[in-house]
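To keep things clear, I will list the structure first and then write my remarks on it.
The values are calculated or read from the model by the stated rules, or taken from the named source; none is laboratory data. Being a predicted model, the structure only gives us computed values, none of them experimental. Please note: Cβ atoms are built from the backbone with ideal geometry, for glycine as well, and neighbour counts cover all protein chains shown. Protein only, heavy atoms only, side chains kept; ligands, DNA and RNA dropped before computing areas. Shrake-Rupley method; radii C 1.70, N 1.55, O 1.52, S 1.80 Å.
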Amino acid sequence: KQAAWKAVDYVKSGMVLGLGTGSTAAFAVDRVGQLLKEGKLSEIIAVPTSVRTYEQAKSLGIPLATLDDQPKLDVAIDGADEVDPELNVVKGRGGALLREKMVEMASDKFVCIVDESKLVSGLGGSKLAMPVEIVQFCWKYNLERLKNLEEVKGCEAKLRMQGENPYVTDNNNYIVDLYFENPIKDSYAADKAIIGLEGVVDHGLFLDMVDVCIVAGSTGVEVRERK
């Protein structure tokens, strides 16, 4: 929460703001709502990255838009699932990776909020999911192709489920989660190989995108900037 509040310090009145998705980003959305209410921020327009964030922001009275209305954003604030020493991140365990990537790529500055448990030496290193959003059509075919890519060799690929049924994203797609025993050797090569498959919509590797990473640790909040 401390880190989320610090991230909101990057927001100034009159800005167009990208709002991320997930428990950490939700603190930042609450804070923006609070500052607007108190009159400390004004003339903010926010672009949400998911239906969930849209609903939260709307309930707080934050003025909302889409990328169609606001193609250029000043700052985006979001969490991440893994952060490496170069500030490359894995996102999308909450399922909103495509909209997050679109909004964050359209932002002049991307401020990422994490706690220190998300820090890894290499992406894929937490052994938790690295998501790939795929079309529903012939998902099994694409799951097999993802698993067999040389660039992510040795990964396990699973269709994300919600109860008995496949999980469906806000964009009506499925997600295949990739699990790694060891960190991905070359994230840039993996990025190109995954996105190169027909039927892949996007993936959770966000490379060269984070400008500022705010890390909440036991000793307080640390701000890391992209070198």
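Scan the range 169-185 residue by residue and report those that are under 20 Å from the mean Cα position of the chain (by Cα) and either open to solvent by 60 Å² or more (accessible area, probe 1.4 Å) or at pLDDT below 95 (or both). Before the answer, list the steps.
The first filter runs over the range 169-185 and keeps only residues under 20 Å from the mean Cα position of the chain (by Cα), leaving 169-180, 183-184.
Answer for the range 169-185, where residues must be under 20 Å from the mean Cα position of the chain (by Cα) and either open to solvent by 60 Å² or more (accessible area, probe 1.4 Å) or at pLDDT below 95 (or both): Asp170, Asn172, Tyr179.
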Within the range 62-75, is there a residue that is touching a residue at least 40 places away in the same chain (Cβ under 8 Å), under 14 Å from Cys213 (Cα atoms) and not polar (S, T, N, Q)? yes
Any residue at all in the range 76-86 that's within 29 Å of Gln162 (Cβ to Cβ) and open to solvent by 20 Å² or more (accessible area, probe 1.4 Å)? yes
Qualifying residue in the range 114-122 (condition: open to solvent by less than 70 Å² (accessible area, probe 1.4 Å), in a strand (DSSP E or B) and charged (D, E, K, R)): yes
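Listed residues Glu151, Glu198, Glu181, Glu164; which is touching a helix residue (DSSP H, G or I) at 6+ places or on another chain (Cβ under 8 Å), over 17 Å from Gly20 (Cα atoms) and either touching a residue at least 40 places away in the same chain (Cβ under 8 Å) or not aliphatic (A, V, I, L, M) (or both)?
Numbers: Glu198 fails: touching a helix residue (DSSP H, G or I) at 6+ places or on another chain (Cβ under 8 Å); Glu181 fails: touching a helix residue (DSSP H, G or I) at 6+ places or on another chain (Cβ under 8 Å); Glu164 fails: touching a helix residue (DSSP H, G or I) at 6+ places or on another chain (Cβ under 8 Å).
Within the list Glu151, Glu198, Glu181, Glu164, the selection yields Glu151.
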Restricting to the range 28-47, name every residue that is assigned to a strand (DSSP E or B) and without any contact (Cβ under 8 Å) to a residue 40 or more places away in the chain. Ile45, Ala46
Residues that are more than 16 Å from the chain's Cα centre (by Cα) and either at pLDDT below 95 or assigned to a helix (DSSP H, G or I) (or both), drawn from the range 48-72: Glu55, Gln56, Ala57, Lys58, Ser59
The range 1-49: number of residues that are in contact with a Lys or Arg (Cβ under 7 Å, 6 or more places away or on another chain) and under 18 Å from Asp81 (Cα atoms): 4
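Conditions tested, residue by residue: (1) among the small types (Gly, Ala, Ser); (2) under 17 Å from Asn88 (Cβ atoms); (3) in a strand (DSSP E or B).
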site	(1), (2), (3)
Ser126	yes, yes, no
Pro131	no, yes, yes
Lys140	no, no, no
Glu144	no, no, no
Glu151	no, yes, no
Thr169	no, no, no
Asn172	no, no, no
Please work out which residue is surrounded by the most Cβ atoms within 10 Å (Cβ to Cβ), limiting yourself to the range 132-148 and to residues that are more than 17 Å from Asn165 (Cβ to Cβ) and in contact with a helix residue (DSSP H, G or I) (Cβ under 8 Å, 6 or more places away or on another chain). Val132
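Across the range 13-22, what is the number of residues that are surrounded by fewer than 20 Cβ atoms within 10 Å (Cβ to Cβ) and either of a type in the set (Val, Ile, Thr) or in contact (Cβ under 8 Å) with a residue 60 or more places away in the chain (or both)?
Total satisfying the criteria: 1.
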